[in-house]
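For reference, the structure discussed in these notes is given below.
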Amino acid sequence: MVNENYMKRAILLAKKALGYTNPNPLVGAVIVKDDRIIGEGYHHKAGEPHAEPMALADCKESPRGATLYVTLEPCCHQGRTSPCTQTIIKAGIRHVVIGSADPNPFVRGKGVAQLRQNGITVTEHCLQKECDVLNEIFFHFITTKMPYVALKYAMTADGKIATTTGASRWISNEASRHHAHGLRHRFSSILVGIETVLRDDPLLNCRLKNAVQPLRIICDSRLRIPLESRICRTAEEYPTVIAYTQGAMEKKEQLEAMGFTLWQTPQEANGISLPDLLKKLGEQGIDSILVEGGGGIHYSFLEQQLAQKLYIYLAPKLFGGKEAKTPVGGKGVLEPKDAFPLRLLQNKVLDGDILLEYGINP
């Protein structure tokens, strides 16, 4: 018999590692015997033990004959750790309840098959929707080899991301900014265009305690970044990639000496080639990008169908101003029927602000 409450517990355990497992998935596991939890665990960090052996090691009594609840199909191949299926089989687990199937071609269906071949009962799709949401980044990355991309911005109720003078601090409130730093912790990298650097002089780090700092990516086609900017002053502290198409040799040498990694991409109409940049990032194991740029770069990601999610922090205030900037620029669509379609995933009130989380339909 399956008790979904145990899978809910496994999901909560998996969430403890948000931001720490990239590019690995988030996985939680609970071992149940005689309607009691006898062991539980989760995958803490890439390269460290998976959730299943962590839960088995936590057992206060023999797990033989017990039921294992795990949010993701157990792996069955040798990677940086041993196959979890073999560990489960050796432990004498009788029943395995799985949330999500693993789309990794090394695992996909093979983990379940191996367990069944060894006489273990397997129940699939327990709270699958909730378990799938845990690993939307991993699923996208493992199947496409490209980073999962989310656009994020704060705007007023009249759709402005700055006043007519360009001032934007602060549109959102402290609760929203804290939530946004949680996103910076979860995503492997944060990306902005050079206009954002010139206008706001951002630091682009995560200010949460014990946070994993995202790789900073600056799209700067002609290497206009000021050497006195905060990005430049902290290049040795926070790994940073500058994507460019052309620039003076002297400036390139200066930036490299400061600690930057420079990637040259093909020239496109609006600057660097975003598909080329994403391909390079994927090859480096960067599984996710949080885009915090301005309207121009947001439009480029939307127009090229390179973004999967949108986070909007909607503040209860009005700026007005015909020339005040809006969050999506570019040339825009010509007809309403050509609009970029969104699907609402969730909304949340953050001390008066409203967080709107949308999926971006291709």
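Computed values, structure above
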| item | result |
| --- | --- |
| Restricting region 71-103 to residues that are of a type in the set (S, T, N, Q) and open to solvent by less than 20 Å² (accessible area, probe 1.4 Å), the residue that is nearest to Ala29 (Cα to Cα) | Thr71 |
| Pick from region 342-359, criterion among the charged types (D, E, K, R) and within 17 Å of Met155 (Cα to Cα), ranking: most open to solvent (accessible area, probe 1.4 Å) | Asp351 |
| Whichever residue in region 37-60 is among the charged types (D, E, K, R) and modelled with pLDDT of 95 or more and, among such residues, is least open to solvent (accessible area, probe 1.4 Å) | Glu52 |
| Tally of residues being in contact with an Asp or Glu (Cβ under 8 Å, 6 or more places away or on another chain), open to solvent by 10 Å² or more (accessible area, probe 1.4 Å) and under 18 Å from Asn22 (Cα atoms) across region 181-204 | 1 |
| Leading residue by the ranking (surrounded by the most Cβ atoms within 10 Å (Cβ to Cβ)) among those in region 256-282 that are among the aliphatic types (A, V, I, L, M) and more than 14 Å from Arg216 (Cα to Cα) | Ile272 |
| Failed criterion for Ala175 (all others in (1) within 30 Å of Phe319 (Cα to Cα); (2) buried (at least 22 other Cβ atoms within 10 Å of the Cβ) hold) | (2) |
| Failed item, numbered, when Gln305 is tested on (1) in a helix (DSSP H, G or I); (2) within 25 Å of Gly359 (Cβ to Cβ); (3) open to solvent by 30 Å² or more (accessible area, probe 1.4 Å); (4) not charged (D, E, K, R) | (1) |
| Qualifying positions in region 308-339 - in a loop (DSSP other than H, G, I, E, B), over 17 Å from Asn270 (Cβ atoms) and aliphatic (A, V, I, L, M) | Leu318, Ala324, Leu334, Ala339 |
| Meets criteria (within 30 Å of His43 (Cα to Cα), touching a strand residue (DSSP E or B) at 6+ places or on another chain (Cβ under 8 Å) and open to solvent by 30 Å² or more (accessible area, probe 1.4 Å)) for Lys209 | no |
| Single residue of region 283-300 satisfying the filter (part of a helix (DSSP H, G or I) and in contact with a strand residue (DSSP E or B) (Cβ under 6 Å, 6 or more places away or on another chain)) that is least open to solvent (accessible area, probe 1.4 Å) | His298 |
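The values are calculated or read from the model by the stated rules, or taken from the named source; none is laboratory data. Nothing here was measured: the structure is a model prediction, and the numbers come from that model. Positions of Cβ are backbone-derived with ideal geometry, glycine not excepted, and every protein chain shown enters the neighbour counts. Remember, those area values only see protein heavy atoms, side chains included, never the ligands or the DNA or RNA. Shrake-Rupley method; radii C 1.70, N 1.55, O 1.52, S 1.80 Å.
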